[in-house]
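Asker: Before anything else, here's the structure in question.
The values are calculated or read from the model by the stated rules, or taken from the named source; none is laboratory data. Quick caveat, the model's predicted, so the values are computed rather than measured. All Cβ positions, glycine included, derive from the backbone under ideal geometry; neighbour counts span all protein chains shown. What goes into the accessible areas is simple: the full protein's heavy atoms, side chains included, and nothing from ligands, DNA or RNA. Shrake-Rupley method; radii C 1.70, N 1.55, O 1.52, S 1.80 Å.
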Amino acid sequence: AALGAVAVPLLLQGGVALAWIGMAALVALIWLAARPYWPNPQVATLALPRGQALPPAWWLLGTYVLSAAGMVPPMVYTADLAVRGHGAGAVLTGLLWVLFGLGAVAGTLGGGVLAGRIGAMPAVRLWMAFQVAALAAALAPAGWGNWALLLAAPLSGFSGVGLTAVTLAGAREVAGPASAVLWARATVLYALTQACTGFLLAALFRWSGDQHAAVFGAGLVLSAMGLAVALLAPRRASPSS
């Protein structure tokens, strides 16, 4: 995200088509450079042993799904909010995605470390609180200038992407050896939720007359619901929680 944000303003000088082609080439180059260093862990089984049931993890899946839904506005509409809502240019809009990417790296690494120290559940609550703050900052009036966007972008990456590491830690706490099964289900639910929410928010955006407050407000409500689910969960995940 950060490298793409730096490249887009330069590529746009040649037109939108060149920007898309250039981004595709950049992704391919990054993949080729990183592929030789890709980890090769032992393949995890996605089948539970006979007679073993997956421990309940309603709080973990519920929070992760609501986080996925709440993150759709920052992931899809941030650039449009910056350009049409705040009159930002390509450079500032690119900077927002640089901050989003850096926030995502910090949130992922920090989430994994903190969850290992204080437990997954307290970390989930904290990361969801950051997500609520990110959506609230995006809803700040345009009269506040671009400071609200410069705060919302890194917070969105930090919380929304970083929550993945925290949720993975929670899956290991809850399910132990069967964590791969729980994680697979969480990943599928996350993807389906974001796809469905994307269509619904697109309809809301059109129905509201392209009002950014409508979609980001919906994201804020969904994120707050995710935080509420996290607050209702047990303090520390365990196989019996």
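Asker: Any idea how far the Cα center of the stretch 1-39 sits from the one of the stretch 123-142, in Å?
Answerer: The two parts, judged by their Cα centres, are 29 Å apart.
Asker: Let me ask something else. Just the number, please: carbon plus sulfur as a percent of the accessible area of the stretch 96-139, 1.4 Å probe, no ligands or DNA/RNA counted.
Answerer: 78 percent
Asker: Convert each backbone phi in the stretch 120-126 into a coupling constant with the Karplus relation 6.51 cos²θ - 1.76 cosθ + 1.60 (shift: θ = phi - 60°), then list the ³J(HN,Hα) values in order as whole Hz, x for Gly and Pro.
Answerer: Ordered by residue, 3J(HN,Hα) equals 5, 5, x, 5, 4, 4, 5 Hz.
Asker: Further question: Note the full-extension length gain between Q13 and A195 as 0.36 nm times their separation in residues minus their Cα-Cα distance, in nm to one decimal.
Answerer: Result for the pair: 62.4 nm of gain on full extension.
Asker: Give the calculated FRET efficiency between Y37 and R185 to the nearest 0.05, with a Förster radius of 25 Å applied to their Cβ-Cβ distance.
Answerer: The calculated FRET efficiency here is 0.30.
Asker: Over the chain, with the other protein chains present, what is the accessible area per residue in square angstrom, probe 1.4 angstrom?
Answerer: Working: 12610 Å² over 241 residues.
Accessible surface, normalised per residue, equals 52 Å².
Asker: Would you work out what percent of the accessible area of the stretch 175-226, with all protein chains in place, is carbon or sulfur (probe 1.4 Å)? Write down the numbers at each step before the final one.
Answerer: Values: 2020 of 2720 Å².
Heavy-atom surface of the stretch 175-226 belonging to carbon and sulfur, 1.4 Å probe: 74 percent.
Asker: Using the Karplus curve 6.51 cos²θ - 1.76 cosθ + 1.60 with θ = phi - 60°, work out ³J(HN,Hα) for each residue of the stretch 65-72 in order, rounded to whole Hz, and write x for Gly and Pro.
Answerer: 5, 5, 5, 4, 5, x, 7, 4
Asker: What is the percent of Cα-Cα separations in the stretch 150-241 that go past 17 Å? Write out the running numbers ahead of the final one.
Answerer: Values: 2621 of 4186 pairs.
Across the stretch 150-241, Cα pairs with separations above 17 Å total 63 percent.
Asker: How much length, in nm to one decimal, is gained on full extension between W207 and D80, taken as 0.36 nm per residue of separation minus their Cα-Cα distance? Intermediate values should be presented prior to the final figure.
Answerer: On the way: separation 127, 0.36 × 127 = 45.72 nm, distance 1.64 nm.
Computed gain between W207 and D80 is 44.1 nm.
Asker: For a Förster distance of 30 Å, can you work out the FRET efficiency between the beta-carbons of A28 and V221, rounded to the nearest 0.05?
Answerer: According to the calculation, E is roughly 0.20.
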